[in-house]
Structure formats: C-alpha cells, structure tokens
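Right, one structure below, let's go through it.
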Amino acid sequence: MTHAAQGLANDRIAVKFSEQGGSFKHMVSRRAFLSGVFASFGTAARAFAPETSIRPVLRPGGISQRGLPDAADLIAQANLGGRVGFAVADAQSGQMVETFFPLFALPPASVTKVLTGAYALDRLGRDFRFRTRFAALGAVNNGHLRGDLWLIGAGDPLFDTDALVRMVQNLRDGGIRTITGRLMIAHGALPQFFEIDSSQPDHVGYNPAISGLNLNFNRVHFEWRRTSSDCFVTMDARSDTIRPTVDMAQMHIANRVLPVYTYDQQGDQDHWTVARDALGEGGARWLPVRRPEVYAAQACRSILHSHGIAVQGLGYAPTALVDSVTLTEHVSDPLPDILRGMLRWSTNLTAEVVGLRATQAGGVHPTMLAASATAMGAWAQNNLGPHQSVFVDHSGLSGESRVCPKDMVRALLAVGGNNSVRTLMRTLTIDPEDDAPSNAVPIEVVAKTGTLNFVSSLAGYIATPGGRDLVFAIFCADVPRRAVLTQAERERPEGGRTYTTRARRLQRALIRRWVSAYG
C-alpha cells in the first residue's frame, strides 16, 4: 500500500507499537457506556468561540522551574504552517489542564473512527454480528437445487474470498451438485456508494465502493510481470489459497509515462489503464472496485465452478424473496473484535459500514453517506458532549469534517471507561528522549492516529508513571495548503511526508511535556 496519504488504511505514528490486551466480556451496558464523567460537563450548548489560546496551567512550584519547554515554543519549532490545536484534561475530574486553540475546528482524519466505534457499540450492541447467507427458493432433491441460489449480503466489511470458499464447501458438503437456476446477489442491506470520498485518486484501495455485499474490502488484485517480449497482467479476487478469476475489472497497458493509472466505468465493468513506463519487472497492488455486487458474483461463480457446481447465469436484486430458505451462512466476529481491527488498521470500509448500520439501527435509512455521518454527529452531541462538530463520513477520509480539540476530549472522556471503546484502541509506546535520565520510563498512550495530506491528528489516553490518567486531542492541519492540491497530487504531494514527520514529532514532544508537567 502507499505511504500515509489520505486516510491510509494503516495510519502509523513514528513510535514503537505494542498491542493492548484486554477482554470484551465485561463490556458495560449502554447506560454505563454513555455515562461516567459526562455528567460533570453540564448541558449548556455553545457556538464556536473566537480563536483563543489558554496558557498552560502551572502547578504549585511552577513548571518552568523544571525546564520544560513551553507548548507554544514546541509548536513554533515544528514549523508546520496552518493551525495546531490541542486540549488535555484530567481523566478523573474532566478538568482541562492545558489547551491551545481548543475551540478551533480542524479535520480529525481517522480519529473520527473512535466516535464511529462508540456510535456502533451503542446502536448495535457488542453482540452484533454480520451474517452472510446462501439461500434457495426451490427444492433440493438428490443434490439438485431446482431454482436460484441466493448469496445474501449483510454488509460484512471483513467478508473475504476464504469465507466465500468455506460457504461453497458447506454447500457441497450438504450434497448440492447442480443448480438449475441462476446465482442471485442480494446487495441491498446497505445503500450503495460509488466511493467514500470523491476527491481521492481513482486507484487508491482505501477509497472503495460501499455495498450490502462487500468482498475483500471491495478491492481487486492487480498483478503484473515482465516476459521476454511484453508485460503479463492478471486481475482476480485472490486469497492465500485460491485465485478466483473475474472479468469485471480489466487492465490495459498504455504506452505513456503519466498518468500512472486511468479509470473508466463501462456498464458493469471497471476499465483501467496503466502506464507501461511505471511498471517494473513485476509487482502487485489492490485496486478498488466500483460494482461490488458484480465483483462478488463473478468470484462466487468461479468458486462454485471450482467445486463442480455450475450455475446458469447471474442476477442482482436488493433483497432476496422472503420465502427463501437458508442453506449455510458465514457469521462474522462480534462487533468489538471488528472495531478493534478497524482502530488498529484504520480500515475505512469498516468504519463506513458499521456507521451506516448504526444509523439504520437508529431508524434512519440514509441515501447519502453524509446524511449518515450527520446522524452520527447528532448522536454524539446528544450523548457524548461534542458541540458543533461536522462529520461528512464515518472514516475521516474526507478532509471536510471538522472537530475542535476540546470537544474531542469531552467525547473521549465520555467513552473512556475501562470496558468501552478505550479497550479497543491501540497502545502506543513513546520512548524517552535521547537525553532523558537513565531511569526514565516509556510512556503508554492508548490512542488513534489520523493522517491526511497536510493533516495529522492524535487523540486518546495517557497513563502517566505517577498514576494520573490524562485525556488529550492534538489536531494539526494546513487546510489552505491541502486545498490547492490537484487530485493527481493527493497520493504523494510534495512536502506531505515532511509535514507528517514534523507533526508526529510535535505530538510526541507535547505528550512528554504533559507527562512531566501533570503526571
């Protein structure tokens, strides 16, 4: 995959990672999940206040006597351009201990996924699972299914080729050998969207389509290798064990230097071209698919054929007929495990799917992704305390969402119980500075990173060596610089990597400062 541009599926911070342990069996009830320190915030609403910078709060004896750098100096030294804002609070009392432009709203990037996870847990419950089914509307006699075979999606964002293979094996083990009808795809469990964010380059795999039936994160595997006279390419729905062929994604090699990729949709097919000069001796990458139901249907037909089960054609419908009988099903992991993976790998499709399902569970059936994100924002304002936040998706891939640091901290305080979304977040270990005393210990931070072009965010919880827990949000963004990028520049913009490196260095420096000052 590409480097950390535009909501990359693997957001990383330049610190040493370690997996946080923890169990989900003690997840608290909805009421407990939404209560806690939120009660101390009050309910008075407010509009965005003017840009203000509240100076650091000095503890008795004075922080300056310890030689700690001032937060404003650290920000100035980072030389990021644009805006930096942060807020830090005591986890027990909810009191803000230090802020810097805390009311200035900036793009949260993938930090949005923390709120999406809380939203899904509240609306769907921790026992929620996705169920993808094979069903039939017709009799099965002596291995013959007289009628159509239905593959019925539930939106499972982790459904993959291996899971589909197991379902087909179950059909064969159940005695089915022939099907007189078609393979029908029911894909209407979720509204279908061509992509998550229209501003992204066409070829980036972290911006796929969304559907009620998702396979392999709605990505097709493109591989190429040089031969003595030409370059050979394949497109398939592979797993580690099988490579089902699909023809809905076509790749043609073009004699040019740039652009590297072009995309065009023609009916049910995704037509790609790639610049010959951009291909080396061999390689591979995952490309997004824009018709997920066609992709899943062709992969499923290929797998059925490999198991000796032929179908007479393909068909598509939003839902299966109510009289269909389930033959076998794939049941996903419980929702907390799905969300743990979403927060660890920052998978955009997972965030959008669980956000949409949560909105549906609240009685709203959105036809636009932004409408579902708005519903999440209303839920957050009513339950977690953020005010005036604007969400246009559930993943943070769009740079149009806005959250201010203080509101993010309030939300984290509300969802930060020991058995809530906090247990699903990744633990980052920040090593002491090179010139730190020999007895200095690493700092454990349970947090979510967020990265877009010229946007870097970090928010979560700090367990200080002194036993005091802090809650924080740091948003860095150069919105004007981001706004002038062309679509072609968005994957690897000039100066983007330098900005991200400096922002992450600043985030670590601020965390070290807060631990020394308030820990």
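The values are calculated or read from the model by the stated rules, or taken from the named source; none is laboratory data. Keep in mind that this is a model prediction, so the values were computed, not measured. Every residue, glycine among them, receives a Cβ derived from its backbone with ideal geometry; neighbour counts consider all protein chains shown. What goes into the accessible areas is simple: the full protein's heavy atoms, side chains included, and nothing from ligands, DNA or RNA. Shrake-Rupley method; radii C 1.70, N 1.55, O 1.52, S 1.80 Å.
Taking G143, is it modelled with pLDDT under 95 and at positive phi? Against the criterion (modelled with pLDDT under 95 and at positive phi), G143 qualifies.
For segment 478-519, what are the residues that are assigned to a loop (DSSP other than H, G, I, E, B), free of Cβ contacts under 8 Å to residues at least 24 places away in the same chain and either surrounded by 19 or more Cβ atoms within 10 Å (Cβ to Cβ) or of a type in the set (A, V, I, L, M) (or both)? Hit for segment 478-519 is V484, nothing else. A Cβ distance below 9 Å, combined with a sequence gap of six or more or placement on separate chains, defines the contacts here; from segment 196-212, residues that are more than 14 Å from S110 (Cβ to Cβ) and open to solvent by 20 Å² or more (accessible area, probe 1.4 Å) reach residues that are assigned to a loop (DSSP other than H, G, I, E, B) and of a type in the set (V, I, T) in the pairs H203/V260.
Residues that are crowded, with 18+ Cβ neighbours inside 10 Å and without any contact (Cβ under 8 Å) to a residue 60 or more places away in the chain within segment 155-188 are absent altogether.
For the criterion of being open to solvent by less than 60 Å² (accessible area, probe 1.4 Å), modelled with pLDDT under 95 and in contact with a strand residue (DSSP E or B) (Cβ under 7 Å, 6 or more places away or on another chain), L258 fails.
Give me the residue from segment 128-140 that is at pLDDT below 95 and in a loop (DSSP other than H, G, I, E, B) and, out of that set, surrounded by the fewest Cβ atoms within 10 Å (Cβ to Cβ). Per the criteria, the residue is A139.
Taking every residue in segment 105-121 that is among the basic types (K, R) and pairing it with any residue that is surrounded by 24 or more Cβ atoms within 10 Å (Cβ to Cβ) and part of a loop (DSSP other than H, G, I, E, B), at least 6 positions away or on another chain, the pairs with Cβ-Cβ distances below 9 Å are K113/S346; K113/H394; K113/S395; K113/G396. Residues that are in contact with a His (Cβ under 6 Å, 6 or more places away or on another chain) and closer than 23 Å to L183 by Cβ within segment 261-308 comprise just one, E293.
When I462, I474, I443 are screened for being touching a Gly at 6+ places or on another chain (Cβ under 9 Å), without any contact (Cβ under 8 Å) to a residue 60 or more places away in the chain and either farther than 21 Å from Y206 by Cα or not β-branched (V, I, T) (or both), only I462 passes. Considering S395, S372, the condition of being at pLDDT 95 or above, surrounded by 24 or more Cβ atoms within 10 Å (Cβ to Cβ), outside any helix (DSSP H, G or I) and among the hydroxyl-bearing types (S, T, Y) is satisfied by S395 alone. Annotation: of all residues in segment 82-112 being small (G, A, S) and open to solvent by 10 Å² or more (accessible area, probe 1.4 Å), the one that is nearest to Y518 (Cα to Cα) is A91. Of all residue pairs spaced 6 or more apart or on separate chains, none has beta-carbon atoms under 7 Å together with a first member in segment 313-325 that is in contact (Cβ under 8 Å) with a residue 40 or more places away in the chain and on the phi < 0 side of the Ramachandran plot and a second member that is open to solvent by 80 Å² or more (accessible area, probe 1.4 Å) and outside any loop (DSSP other than H, G, I, E, B). Taking the stated definitions as given, is L215 open to solvent by 50 Å² or more (accessible area, probe 1.4 Å), within 29 Å of G399 (Cα to Cα) and of a type in the set (A, V, I, L, M, F, W, C)? Judged against the criteria, L215 is not a match. Taken over segment 106-127, the residue count meeting the criterion of being over 17 Å from S395 (Cα atoms) and either aromatic (F, W, Y) or part of a loop (DSSP other than H, G, I, E, B) (or both) is 3.
Listed here are the strands (runs of 3 or more DSSP E) enclosed by segment 161-247 that have at least 1 residues being under 26 Å from the mean Cα position of the chain (by Cα) and within 19 Å of V353 (Cβ to Cβ): 183-186, 219-226.
Per the conditions (1) out of contact with any Ser or Thr (no Cβ under 6 Å at 6 or more places or on another chain); (2) farther than 28 Å from F193 by Cβ; (3) open to solvent by less than 30 Å² (accessible area, probe 1.4 Å), the sole criterion not satisfied by D230 is (3). One residue stands out among those in segment 463-477 that are β-branched (V, I, T) and surrounded by 24 or more Cβ atoms within 10 Å (Cβ to Cβ): the one that is farthest from V84 (Cα to Cα), which is V471. Among the residues of segment 86-105, just one is under 23 Å from the mean Cα position of the chain (by Cα) and assigned to a strand (DSSP E or B), namely F86.
Restricting segment 321-345 to residues that are open to solvent by less than 30 Å² (accessible area, probe 1.4 Å) and within 20 Å of R357 (Cβ to Cβ), which is farthest from the chain's Cα centre (by Cα)? Among residues in segment 321-345 that are open to solvent by less than 30 Å² (accessible area, probe 1.4 Å) and within 20 Å of R357 (Cβ to Cβ), the one farthest from the chain's Cα centre (by Cα) is S332.
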